[in-house]
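Contents: one structure, followed by commentary.
The values are calculated or read from the model by the stated rules, or taken from the named source; none is laboratory data. Fair warning: this is a prediction, and the values are worked out from it, not measured in the lab. Heads up, the Cβs are rebuilt from the backbone with ideal geometry, glycines too, and the neighbour counts pull from every protein chain shown.
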Amino acid sequence: MIKHLFILVLISASTCGAQKSVIRDHVVIDVYASESGNKITAAAMPEIKKESNLMKYKARFDYLLLNISEIHQPYKAEERRKIFDLYPDTLKIKKLYIEKYVEDKKLVSYFEETIAPINNPGLKRTKAYAIDELMDVASKFFYCDKVNPDTSVQSHVCIGINGLKETKWTKDYTLLSAFCYEAIFDDSNTDSLRVSDSYVLEKRKSCAKFRKNITTLDKYLEDVKQDLFARMKSNAKLKEELLAYYEANKNNLAFKIIN
């Protein structure tokens, strides 16, 4: 009897341990469905729970969930499709999808590292980035990807469509990238839009610089893209906004920005 009770306690403890997860504590899965013709397609997206203390810093966690998680990588498209094909069983979709995040050790590690200073502002920070690194990372969010018929250039400032994946950095800038995304979009949520206005002006300058000597549209696009990266890296308004946002949030970040 005692032996059986002991085994039961072990099983119970193991089950409770398996259910404990920083992802489950703060993330919920939303399922969306759309109809095209006679076909209904579904998709699932992770969201920070509205009651979570992380909602104030939602953008940095959105960046991790959508860029770092394995299930969102291009090579996982077929696996995602199989889960989405379970619609209209939304409960099953949510269950399977959240498990993908819970089991993602890389994502969980970044999540825990990002949460730590939010819960403990006095935490000692060992990671540090120079201002030049900050500006280099931030500049890659201003991404050109298409030439329009009038030779203007289509561009994005986006969580997913950006130049970060094209870099050949050897240093891990994941947390810094999440911060830059949050800071840039914090500016876009204000009335001043200083960074957005500056970015539009810089792109016009880049286009004007290369428009007179277009040989091929591909080369023109690449020239404008790289020139805009360089311009935004040295953009005074972007630098000012990033450093101001850092000063306002340095107690809840897992790294330091140094000169």
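Side notes on the structure shown:
- Pairs with Cβ under 7 Å, 6+ apart, first in segment 39-65 and closer than 17 Å to D186 by Cα, second modelled with pLDDT under 95 and of a type in the set (A, V, I, L, M): D62/I159; Y63/I159
- Candidates in segment 244-259 are the residues that are in contact (Cβ under 8 Å) with a residue 60 or more places away in the chain and not polar (S, T, N, Q); of these, the one that is surrounded by the most Cβ atoms within 10 Å (Cβ to Cβ) is L253.
- Test: R60 is closer than 21 Å to A178 by Cβ, of a type in the set (K, R) and in contact with an Asp or Glu (Cβ under 6 Å, 6 or more places away or on another chain): yes
- Residues of segment 131-168 satisfying the condition of being in contact with a strand residue (DSSP E or B) (Cβ under 8 Å, 6 or more places away or on another chain) and assigned to a loop (DSSP other than H, G, I, E, B): F141, N148, C158, I161, N162, G163
- Annotation: of all residues in segment 84-130 being in contact with a Pro (Cβ under 9 Å, 6 or more places away or on another chain) and not in a loop (DSSP other than H, G, I, E, B), the one that is nearest to N67 (Cα to Cα) is Y101.
- Filter result for V147 (over 19 Å from the mean Cα position of the chain (by Cα), surrounded by 12 or more Cβ atoms within 10 Å (Cβ to Cβ) and in the same structural domain as F210 (by TED's automatic domain parsing)): yes
- D186 being under 28 Å from L123 (Cα atoms), part of a helix (DSSP H, G or I), of a type in the set (D, E, K, R) and at pLDDT below 95: yes
- Which listed residue, of R81, R60, is in a helix (DSSP H, G or I) and surrounded by 13 or more Cβ atoms within 10 Å (Cβ to Cβ): R60
- Filter pass, A138 being loosely packed, with under 13 Cβ neighbours inside 10 Å and aliphatic (A, V, I, L, M): no
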